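Bear in mind that the values in this text are calculations on the coordinates, not laboratory data. None of the values given here were measured: they were computed from a predicted structure. Here the Cβ is made from the backbone with ideal geometry for all residues, glycine too, and neighbour counts use every protein chain on show.
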Amino acid sequence: MSERPARGGRHPARRLALQTLFEIDFNRADPKETWQRGAFRAGLTDEASAFAWDLVEGVLNHRKELDREIAQLAPEFPIDQMARIDRNVLRIALYELRVSGDAPAGVVIDEAVELAKMFGSEASPKFVNGVLATAVGGREQPSA
């Protein structure tokens, strides 16, 4: 039986970051332990794992300002009533757009929409796209 090769790239890393933040949001788990367990299960490369941790740690460190911005961008959807997946997809994307800034806005938005398709409800991709388009100046207000 051969060992499966480690997975690299930012998409699987963003997926791990989302899963980690969702679990933390849901059950107040230890962030580092949750991330390490997820990175092991996902079989990520060291580089991809490190990128995922940077996202998790960055979102956790900036959560209050990220949530404030989400609340301003989508005032008709109170942050505490928003689906946990949508909220965490938006936190990751806004963190990348506003703080880390090492990926183009279009890439960040596309990745966020893909995560919303993968893990969110039927309405999640459109909602996430609308909020992030508003964040980068593309539209007036997001629709549900």
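Within segment 20-52, the residues that satisfy the criterion of being surrounded by 15 or more Cβ atoms within 10 Å (Cβ to Cβ), part of a helix (DSSP H, G or I) and touching a residue at least 24 places away in the same chain (Cβ under 8 Å) are 20, 21, 22, 24, 25, 31, 42, 48, 49, 51, 52. Yes or no: segment 42-49 includes at least one residue that is farther than 21 Å from residue 116 by Cα, out of contact with any Lys or Arg (no Cβ under 7 Å at 6 or more places or on another chain) and not basic (Lys, Arg). Yes, because at least one residue in segment 42-49 is farther than 21 Å from residue 116 by Cα, out of contact with any Lys or Arg (no Cβ under 7 Å at 6 or more places or on another chain) and not basic (Lys, Arg). Looking only at segment 82-127, filter to residues that are small (Gly, Ala, Ser), outside any helix (DSSP H, G or I) and over 17 Å from residue 15 (Cα atoms); which one of those is farthest from the chain's Cα centre (by Cα)? So, considering only residues that are small (Gly, Ala, Ser), outside any helix (DSSP H, G or I) and over 17 Å from residue 15 (Cα atoms), the one farthest from the chain's Cα centre (by Cα) is 123. Using the structure shown, decide if residue 63 is touching a residue at least 60 places away in the same chain (Cβ under 8 Å), closer than 21 Å to residue 128 by Cα, touching a helix residue (DSSP H, G or I) at 6+ places or on another chain (Cβ under 9 Å) and surrounded by 14 or more Cβ atoms within 10 Å (Cβ to Cβ). Criteria not met by residue 63.
Number of residues in segment 77-111 that are surrounded by fewer than 14 Cβ atoms within 10 Å (Cβ to Cβ) and touching a residue at least 40 places away in the same chain (Cβ under 8 Å): the value is 0.
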